[in-house]
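Worksheet for the structure shown next.
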Amino acid sequence: MISKIKLAPWLATIGLFVFWEVVCRLFSVPEFILPTPSASIAAMIEYWPAIWQNAFYTFWVTMVGFALAVIFGLALGLVTGASAVVYSAIYPLLVGFNSIPKVAIVPVLVVWFGIGTIPAILTAFTISFFPIVVNVATGLATLEPELKDVLRSLGARKIDILLKVGVPRSMPYFFASLKVAVTLAFVGTVISETVAGNAGMGHLMLTASSSFRVPLVFAGLLVIAAMGVGMYVVFVLVERRFVGWAFRGGDNG
Amino acid sequence: MTAFVELEQVTMTYGGPGIDTVPAVADASLTIKQGEFVAMVGPSGCGKSSLLKIVSGLMPADKGITRVAGEPVTRPLTMVGMAFQNATLLPWRTTLENVLLPLEVSRTHRGSFRRKKAEHLETARALLKTVGLEGYEDHAPYELSGGMQQRASLCRALIHAPDLLLLDEPFAALDAFTREELWGVLQDLWMQRKFTVILVTHDLREAVYLADRVYVVSKRPGRIVYERPIPLARPRTLESTFDQDFVDLVHKLRDHIGEVRAS
């Protein structure tokens, strides 16, 4: 049963690629509309030096933006979740800010910081920041009232309640949000690179598509997806390492 | 023995007194002696839990006077132990660490916690042993059954040797056998240490088994409508719950609950 569960994601992924290949060949879809996965992989091999260089750039830009999002998201989440007043004051602002399409702020960032790395970092940051804040704040704000009563009836200080109960309790929410946030961070970086970049996967794919090298575009998409999945897996492992208790000693324990 | 907990004409409405809100507690007066075990019974939602919150100072009353140990209650008391229907153990701590929590955070102990850690560990292990959790000190809460979690929760409520123990339906979520077993555990602890207890429950047998005195609370707004001493000898056993005087007491209380519900 467990081996079936472990096999399933690989089979599903391979299945999707086979389906995609078959459809393209069966209907003779032109390569500049939808290249086959084999053509995309061939393009990946052919242009590997360029892809590698740009992928590495996109990766570290994403990681810097994501790291900022973790630091600020955790800090703001703790402040927001610890105080009901701050929570109600900041929440609408956060939701409003999160509703703004990040592609719309890239031009502004370019005006402020010029074309290049900084707008990409900031876009990754702004897009991955929100789920972290919301999750950490939720973890803190949903403390059981009975537990709060137990602690208050001991004369516990707010800071003790926060450090001994609130923060550990919000950690599963925090680590869960990292998995989502890291994939969003890639989206942010690539958006910025596409709109106003001179390097990175977004820039590479834009250049490739403007010269109708569509298999290269798809190769780029596959590489970004692979990086996203890779980082997601990393944070799944981190989550199990640090908040294994939240999984109730199931098969993750 | 002097009055330890005193309520005089206490009225409390959630969110403060309003024009058309029904108070949770109305004109409640009661006196509990030091070391006495008192139970409050009544229909659900009748304000029994609110009485506990008033006594503990977690929620201020609108009217009336609340005194504990001779002092008026104006802010949360700090020598109280509490346990609820939900054990609320912290899932990332072991059983032993959960029991130690009050000593880490309470006003009286937090300053000396590190210094006296060895001593505290000793106390906590001894207490866990009394409730039958020896060998489970390093288990995580999710590895314990509901009854064991509730035992650990009782230990957490008692680790700092509080003078007053407030119990809000602590056994309500347990199966009947475990519940009756824990009555015995609680009675043993109380007979050893003689802290004052207020137990809120809607199980009349539980009230008669454990308490020295039972108060019946009316449905909302909660008023104390009946008071009944339970003069049965201790330690009470599960066998004794089938004795005629035990059964009579339960019936007597049931009649009063029936009146309260019908009114």
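B:ALA207: among the small types (Gly, Ala, Ser), assigned by TED's automatic domain parsing to the domain that holds B:LEU121, buried (at least 19 other Cβ atoms within 10 Å of the Cβ) and in contact (Cβ under 8 Å) with a residue 24 or more places away in the chain, yes or no?
It is false that B:ALA207 is among the small types (Gly, Ala, Ser), assigned by TED's automatic domain parsing to the domain that holds B:LEU121, buried (at least 19 other Cβ atoms within 10 Å of the Cβ) and in contact (Cβ under 8 Å) with a residue 24 or more places away in the chain.
Within 14 Å of chain A (Cβ to nearest Cβ), within 25 Å of A:VAL167 (Cα to Cα) and over 21 Å from the mean Cα position of the chain (by Cα): is that true of B:GLU104 in this structure? Let's see the steps before the verdict.
Values: within 14 Å of chain A (Cβ to nearest Cβ): yes; within 25 Å of A:VAL167 (Cα to Cα): yes; over 21 Å from the mean Cα position of the chain (by Cα): yes.
Considered against the rule, which asks whether it is within 14 Å of chain A (Cβ to nearest Cβ), within 25 Å of A:VAL167 (Cα to Cα) and over 21 Å from the mean Cα position of the chain (by Cα), B:GLU104 comes out as yes.
When B:LEU158 is evaluated against the numbered criteria (1) farther than 15 Å from B:LEU100 by Cβ; (2) within 14 Å of chain A (Cβ to nearest Cβ); (3) in contact with a strand residue (DSSP E or B) (Cβ under 8 Å, 6 or more places away or on another chain), which criterion, by number, is the only one it fails?
B:LEU158 satisfies all of (1) farther than 15 Å from B:LEU100 by Cβ; (2) within 14 Å of chain A (Cβ to nearest Cβ); (3) in contact with a strand residue (DSSP E or B) (Cβ under 8 Å, 6 or more places away or on another chain) except (1).
Go through the stretch B:115-144 and count every residue that is within 14 Å of chain A (Cβ to nearest Cβ) and assigned to a loop (DSSP other than H, G, I, E, B).
Residues flagged as within 14 Å of chain A (Cβ to nearest Cβ) and assigned to a loop (DSSP other than H, G, I, E, B) within the stretch B:115-144 amount to 4.
Checking B:GLY132 against (1) touching a residue at least 60 places away in the same chain (Cβ under 8 Å); (2) surrounded by fewer than 19 Cβ atoms within 10 Å (Cβ to Cβ): exactly one of these is not met. Which one?
Only one criterion in (1) touching a residue at least 60 places away in the same chain (Cβ under 8 Å); (2) surrounded by fewer than 19 Cβ atoms within 10 Å (Cβ to Cβ) is unmet by B:GLY132, namely (1).
Residue-by-condition table, conditions (1) more than 30 Å from B:GLU259 (Cα to Cα); (2) surrounded by fewer than 23 Cβ atoms within 10 Å (Cβ to Cβ); (3) modelled with pLDDT under 85:
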residue	(1), (2), (3)
B:THR2	yes, yes, yes
B:GLN9	no, yes, no
B:PRO17	no, yes, yes
B:GLY35	yes, yes, no
B:VAL41	no, no, no
B:GLY45	no, yes, yes
B:MET79	yes, yes, yes
B:GLY111	yes, yes, yes
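Condition (residue is at pLDDT below 95 and touching a Lys or Arg at 6+ places or on another chain (Cβ under 8 Å)) applied to the stretch A:109-121: is it met by at least one residue?
No, the stretch A:109-121 has no match at all.
State whether one or more residues within the stretch B:173-182 are in contact (Cβ under 8 Å) with a residue 12 or more places away in the chain and within 13 Å of another protein chain (Cβ to nearest Cβ).
yes
Sort through B:GLY147, B:GLY184 and tell me the only one that's assigned to a helix (DSSP H, G or I), outside the structural domain of B:ASP245 (by TED's automatic domain parsing), touching a Lys or Arg at 6+ places or on another chain (Cβ under 9 Å) and surrounded by 18 or more Cβ atoms within 10 Å (Cβ to Cβ).
Result: B:GLY147 is the single residue among B:GLY147, B:GLY184 that is assigned to a helix (DSSP H, G or I), outside the structural domain of B:ASP245 (by TED's automatic domain parsing), touching a Lys or Arg at 6+ places or on another chain (Cβ under 9 Å) and surrounded by 18 or more Cβ atoms within 10 Å (Cβ to Cβ).
Out of the residues in the stretch B:71-96 that are without any contact (Cβ under 8 Å) to a residue 40 or more places away in the chain and more than 10 Å from chain A (Cβ to nearest Cβ), state the one that is nearest to B:ARG179 (Cα to Cα).
B:VAL73
Find all pairs meeting these conditions: Cβ atoms under 6 angstrom apart; at least six residues apart or on different chains; first residue within the stretch A:228-248 and more than 10 Å from chain B (Cβ to nearest Cβ); second residue surrounded by fewer than 14 Cβ atoms within 10 Å (Cβ to Cβ).
Partner pairs satisfying both residue conditions: A:ARG240/A:ASN252.
Name the residue, out of A:ALA124, A:ALA137, A:ALA181, A:ALA185, that is at pLDDT below 95 and either assigned to a helix (DSSP H, G or I) or surrounded by fewer than 24 Cβ atoms within 10 Å (Cβ to Cβ) (or both). Can you show your working first?
Working: A:ALA124 fails: at pLDDT below 95; A:ALA181 fails: at pLDDT below 95; A:ALA185 fails: at pLDDT below 95.
Every option except A:ALA137 fails the conditions.
Any residue at all in the stretch A:171-178 that's in a helix (DSSP H, G or I), out of contact with any Pro (no Cβ under 8 Å at 6 or more places or on another chain), within 11 Å of chain B (Cβ to nearest Cβ) and surrounded by fewer than 22 Cβ atoms within 10 Å (Cβ to Cβ)?
Checking the stretch A:171-178: at least one residue is in a helix (DSSP H, G or I), out of contact with any Pro (no Cβ under 8 Å at 6 or more places or on another chain), within 11 Å of chain B (Cβ to nearest Cβ) and surrounded by fewer than 22 Cβ atoms within 10 Å (Cβ to Cβ).
So, B:ARG228, is that one more than 30 Å from B:GLU71 (Cβ to Cβ) and either at pLDDT 90 or above or hydrophobic (A, V, I, L, M, F, W, C) (or both) or not? Step through it out loud before you land on a result.
On the way: more than 30 Å from B:GLU71 (Cβ to Cβ): no; either at pLDDT 90 or above or hydrophobic (A, V, I, L, M, F, W, C) (or both): yes.
Spelling it out, it is not the case that B:ARG228 is more than 30 Å from B:GLU71 (Cβ to Cβ) and either at pLDDT 90 or above or hydrophobic (A, V, I, L, M, F, W, C) (or both).
The values are calculated or read from the model by the stated rules, or taken from the named source; none is laboratory data. Model, not experiment: these values are computed from the prediction. FYI the Cβ positions are ideal-geometry reconstructions off the backbone, even for glycines, and counts take in every protein chain you see.
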